[in-house]
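What follows is a single structure, written as structure tokens, with notes after it.
The values are calculated or read from the model by the stated rules, or taken from the named source; none is laboratory data. Quantities reported herein were computed from a predicted structural model and do not represent experimental measurements. Cβ sites come from the backbone with ideal geometry, for glycine too, and all protein chains shown count toward neighbours.
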Amino acid sequence: MPDDLLVIIPTRGRPQAVPEIVQAWDDTGATADLLFAVDTDDPELAAYKQHAAAYKADSRVRFTFGKRRRLVGTLNAQAVKAAKTYRFLAFMGDDHRPRPAAMAWDARIRECLSGGPGIVYGNDLLQSEAMATAVAMTSDIVETLSYMAPPALVHLCVDLVWVEWGRGMGRITYLDDMVIEHLHPANGKAQVDQGYEECNSPDQVATDSAAYYDYRDNGGLEADLVKLRKLVEEAA
């Protein structure tokens with residue numbers, strides 16, 4: 001069973017998502033490893049720990065429990081560690097669900113990324129090609145930048161950055177028929193809960209938007225693209 005792809009899912013307040021995501025793995029025949037990153041101050045911590053015990057025998061599924069760093073902080077902490085042992089790293093939210101297709105989604109990710117440094121994403125049935133709301137990349141990108149998403153961001157706009165990285169380094173693939181569905185209130189597929197309220201609050205939108213534009217327009221993005229283009233050149 002391939003163990004070269006790890007999907008990192010920062011999750012908070014939604015323990016019910018765990019069995020649904022594992023079921024999606026089963027339904028799609030996925031062999032990718034799956035890491036749920038849980039905050040130790042989560043009000044639903046006990047339920048997450050019950051799931052961790054229930055899936056202990058499933059070699060694909062792991063849990064990590066740590067202090068709250070919000071989405072980007074948690075993702076970066078786990079991705080930097082995992083980049084040392086995994087060839088490919090992916091992010092999904094706890095409201096994403098891979099859907100069955102003729103070829104398993106994780107097999108397609110491996111196929112697309114096997115040729116060298118790059119980024120691949122599928123159709124979330126909400127933003128489609130415009131935003132990589134779920135994404136996979138070669139781990140050398142994380143090693144090169146020392147993060148999987150700009151640390152100045154908290155939750156929003158990371159999906160825009162991933163597209164800009166891929167386009168800027170000339171190594172991005174969008175797979176319209178690889179569906180990783182985003183079950184979000186914006187498309188009527190989820191109810192607004194505390195998590196959505198927090199990350200989409202006016203203050204959070206303003207903070208992440210300002211950080212994104214600063215990164216994009218004041219040298220941060222270009223500095224990262226210089227590193228990523230060099231990575232591509234050295235791998236050629």
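Observations on the model:
- Any chance Ala152 is surrounded by 13 or more Cβ atoms within 10 Å (Cβ to Cβ), under 26 Å from Asp94 (Cα atoms), among the hydrophobic types (A, V, I, L, M, F, W, C) and touching a helix residue (DSSP H, G or I) at 6+ places or on another chain (Cβ under 7 Å): yes
- Any chance Leu126 is surrounded by fewer than 18 Cβ atoms within 10 Å (Cβ to Cβ) and either at positive phi or in contact with a His (Cβ under 9 Å, 6 or more places away or on another chain) (or both): yes
- Long-range neighbours under 6 Å by Cβ, at least six apart or interchain, first residue over 13 Å from Pro10 (Cβ atoms) and of a type outside the set (Lys, Arg) within segment 31-48, second at pLDDT 95 or above and in a helix (DSSP H, G or I): Ala32/Asp106
- Within segment 140-163, restricting attention to residues that are in contact (Cβ under 8 Å) with a residue 60 or more places away in the chain and part of a helix (DSSP H, G or I), the residue that is nearest to Gly188 (Cα to Cα) is Val158.
- Among the residues listed as Cys157, Cys199, the single one being surrounded by fewer than 18 Cβ atoms within 10 Å (Cβ to Cβ), within 30 Å of Glu44 (Cβ to Cβ), within 19 Å of the chain's Cα centre (by Cα) and not basic (Lys, Arg): Cys199
- Only one of Ala53, Ala77, Ala101, Ala82 that is of a type in the set (Gly, Ala, Ser), at pLDDT 95 or above and more than 15 Å from the chain's Cα centre (by Cα): Ala53
- Ala132 being at negative phi, under 12 Å from the mean Cα position of the chain (by Cα), part of a loop (DSSP other than H, G, I, E, B) and touching a residue at least 12 places away in the same chain (Cβ under 8 Å): yes
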